[in-house]
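Each remark here refers to the structure printed beneath this line.
Read-outs throughout are calculated quantities, based only on the coordinates presented, and are distinct from any laboratory measurement. Predicted model only: the values in this text are computed from it and were never measured. Backbone-built Cβ (ideal geometry, glycine too); neighbour counts: all protein chains shown.
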Amino acid sequence: MKIIKFEQNNCPGCQKVEMFLNTVVNDKPDKTYNLSKEPEAIEEAAKYGIMTLPALLLLDDEGKEVERIIGFDGQQEEIIEMFGKRK
């Protein structure tokens, strides 16, 4: 399984997720797409129907979505659990 993250510059929630992953979870997603910097990020976001940022997706080995977390506030435990499922 792998985790992909969608973010954007100047997104307070995206910055909170990044800090949380670095300081609490001590882990990184397998792939991060920044919609402000990468043209392919918009295509990937559309592929998964991402309309709100930040977004974390847990994908199975075939690339199918298993779980989705949108936003940060109130999602901390779910984020920790998602990263636990990847291992």
(request) Project the alpha carbons of the chain onto their principal axes and report the range along each, largest first, in whole Å. (result) 32, 29, 18
(message) In whole Hz and in residue order, list the ³J(HN,Hα) couplings for the stretch 20-31 that follow from phi through the Karplus curve 6.51 cos²θ - 1.76 cosθ + 1.60, θ = phi - 60°; x for Gly and Pro.
(response) 4, 5, 6, 9, 9, 6, 6, 8, 10, x, 5, 8
(message) What is the sum of charges, Lys and Arg at +1 and Asp and Glu at -1, for the other residues whose Cβ falls under 14 Å from the Cβ of Glu77?
(response) -3
(message) Taking every DSSP beta bridge with both residues inside the stretch 1-76, roughly what % is antiparallel (nearest 5)?
(response) 70
(request) Pull up all non-local amide H partners of Val66: gap of 5 or more, or a different chain, and H-to-H distance under 5 Å with H placed in the peptide plane. (result) Leu58, Leu59, Asp60
(message) So for each of 33-40, 54-61, 66-73 I average, over its residues, the number of other beta carbons within 10 Å; can you give me the resulting order with the highest mean first?
(response) 54-61, 66-73, 33-40
(message) Going through the cross-link list Lys37/Lys85; Lys5/Lys47; Lys2/Lys47; Lys2/Lys64; Lys37/Lys64, which pairs have a Cα-Cα distance over 19 Å in this structure?
(response) Lys37/Lys85; Lys37/Lys64
